[in-house]
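Chemist: I am attaching a structure below and will ask some questions about it afterwards.
Only the coordinates and a few stated rules stand behind these numbers; no lab work does. Because the structure is a prediction, the values reported are computed rather than measured. Neighbour counts are summed over all protein chains in view; Cβ atoms, including those assigned to glycine, are modelled from backbone coordinates with ideal geometry.
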Amino acid sequence: MPFFTKVAETYRQTRKPRDILWNRFVARPLAAVLLVPLQGTRITPNQVTFASLVVFVAAASLMALFPGQLGLIVAIVALEASYVLDCVDGQLARKKGLSSPVGAHLDFLMDELKAFMLVAAAGIRLWRGSEEPLWLLEGLLGLCMVATAISLTTFIRRPEYLKATGAARPESAGDYGDGFAAAPAKAGRRGPLALLESLGKLLIHYPSYLVVVALADRLDVFLHVYVVINSAYAARALLGVFLKLGGTSK
């Protein structure tokens with residue numbers, strides 16, 4: 001069977017039935033190109049997950065230290081390569097029948113670490129380019145908001161919380177930022193809130209649009225948006241926890 005025929009078949013076998021456009025038309029097809037040679041090896045999905053983290057560390061380092069728009073573009077290309085590997089691990093697990101809860105939790109953990117590194121690298125880069133300390137303060141605020149959002153997501157996904165409150169387990173928005181993305185609008189819902197939730201779901205998935213950010217050389221806008229989205233989610237999630245648990249004796 002020709003190589004690209006195998007790629008197309010592998011993509012069809014390992015894609016998710018519900019996925020965002022960036023994954024469907026860019027990331028997962030590229031991941032399938034890597035998946036074809038990997039599926040016959042002893043490489044495990046977890047090893048690919050760790051490889052994705054290593055590439056992301058390199059991307060964040062480039063973002064923080066490589067000046068100029070060219071440096072930003074190179075950093076974003078490396079970050080997108082990391083994301084493609086992040087897609088490969090799940091597709092490889094489905095292809096080999098190795099999907100597991102611990103693998104899903106490991107993937108979520110890696111996404112958490114990447115979110116921290118991205119915010120820190122963006123703040124450092126903007127500070128180095130302007131010597132304006134406010135960028136470091138915004139980077140620190142962003143780290144706090146991302147950490148708060150992730151902590152809240154972990155809490156509201158705990159079986160103890162779900163059992164105590166009768167809440168439904170939060171749906172995830174995609175591979176990147178699953179845990180702290182704005183929850184997708186419920187079926188049939190319309191109006192401003194649903195539109196804001198959809199916009200939040202789009203903006204939290206930064207691999208979908210960081211290429212545009214790099215080409216426009218507007219990392220500052222990205223940092224502002226990312227901090228605001230995580231802050232809004234954290235506030236909403238904390239309010240939900242308060243409303244469900246704040247009136248009890250526990």
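Chemist: With a 10 Å Cβ neighbour count serving as the proxy for reagent exposure, in which order, fewest first, do ASP217, ASP111, ASP86 appear?
Modeler: Details: ASP217 13, ASP111 22, ASP86 25.
Lowest count first: ASP217, ASP111, ASP86.
Chemist: Based on DSSP H runs of at least 4 residues, each adding -39500 (n - 2.57), what is the mean residue ellipticity at 222 nm of the chain after dividing by all its residues, to the nearest 500 deg cm²/dmol? Don't skip to the answer; put the middle values down first.
Modeler: Working: 10 runs with 180 residues, N = 250.
It comes out at -24500 deg cm²/dmol, rounded to the nearest 500.
Chemist: Spelling out what I want: for every residue of the range 129-137, take phi, set θ = phi - 60°, compute 6.51 cos²θ - 1.76 cosθ + 1.60 (Karplus), and round to whole Hz; glycine and proline get x.
Modeler: Those phi angles translate into x, 10, 6, 9, x, 4, 5, 5, 5 Hz.
Chemist: Pop out the ³J(HN,Hα) list for the range 231-239 in order, Karplus 6.51 cos²θ - 1.76 cosθ + 1.60 with θ = phi - 60°, rounded to Hz; leave Gly and Pro as x.
Modeler: Values per residue, Gly and Pro as x: 5, 5, 5, 4, 5, 5, 5, 5, 4 Hz.
Chemist: Treat each spin label as a single point 7 Å out from the Cα along the C-beta direction, and report the PHE3 to ARG128 distance in nm.
Modeler: Reported label-point gap for PHE3 and ARG128 is 3.5 nm.
Chemist: Which whole-number percent gives the relative contact order of the range 1-108, counting Cα pairs below 8 Å spaced six or more residues apart?
Modeler: On the way: 104 pairs, mean separation 36.3, N = 108.
Once divided by the residue count of the range 1-108, the mean separation gives 34 percent.
Chemist: Explain nothing, just the number: relative contact order of the chain, from Cα pairs under 8 Å at least 6 residues apart, as a whole percent. It would help to have the intermediate numbers written out before the result.
Modeler: On the way: 281 pairs, mean separation 45.7, N = 250.
Taking the mean separation of contacting Cα pairs over the length of the chain, I get 18 percent.
Chemist: Considering only lysines 8 or more places apart in sequence, or on different chains, count the pairs in the chain whose C-alpha atoms sit under 27 Å apart.
Modeler: Taking the Cα cut-off of 27 Å, the pair count is 18.
Chemist: Next up: Might you report the magnitude of the Cβ-based charge dipole of the range 3-245 about its Cα centre, with Lys and Arg at +1 and Asp and Glu at -1, to the nearest 20 debye? Numbers along the way, then the final one.
Modeler: Values: 25 positive and 18 negative charges, 224 e Å.
So the dipole magnitude of the range 3-245 works out to roughly 1080 debye.
Chemist: Okay, next question. Which one is right for this structure if percent of Cα pairs over 29 Å apart is calculated from it: [x] 34; [y] 30; [z] 24?
Modeler: [x]
Chemist: Note the full-extension length gain between THR41 and LEU245 as 0.36 nm times their separation in residues minus their Cα-Cα distance, in nm to one decimal.
Modeler: Values: separation 204, 0.36 × 204 = 73.44 nm, distance 4.89 nm.
Gain on extension, THR41 to LEU245, equals 68.5 nm.
Chemist: For a footprinting-style exposure proxy, rank TYR11, TYR209, TYR233 by other Cβ within 10 Å, fewest first.
Modeler: Values: TYR11 19, TYR209 14, TYR233 26.
Ranked by crowding around the Cβ, least crowded first: TYR209, TYR11, TYR233.
Chemist: At a Förster distance of 51 Å, what's the computed FRET efficiency of SER99 paired with VAL228, Cβ-Cβ distance as r, to 0.05? Write out the running numbers ahead of the final one.
Modeler: Working: r = 34 Å, r/R0 = 0.67.
E between SER99 and VAL228, to the nearest 0.05, is 0.90.
Chemist: Taking 0.36 nm per residue of separation and subtracting the Cα-Cα distance, what length does fully extending VAL221 through ARG157 add? Don't jump to the answer; show the numbers that get you there.
Modeler: On the way: separation 64, 0.36 × 64 = 23.04 nm, distance 3.08 nm.
20.0 nm is the gain from fully extending VAL221 to ARG157.
Chemist: Additional query: Report the extension gain between PHE66 and LYS16 in nm, rounded to one decimal, defined as 0.36 nm multiplied by the number of residues separating them, less their alpha carbon distance. Walk me through the intermediate numbers first.
Modeler: Values: separation 50, 0.36 × 50 = 18.00 nm, distance 3.56 nm.
Answer, rounded to one decimal: 14.4 nm.
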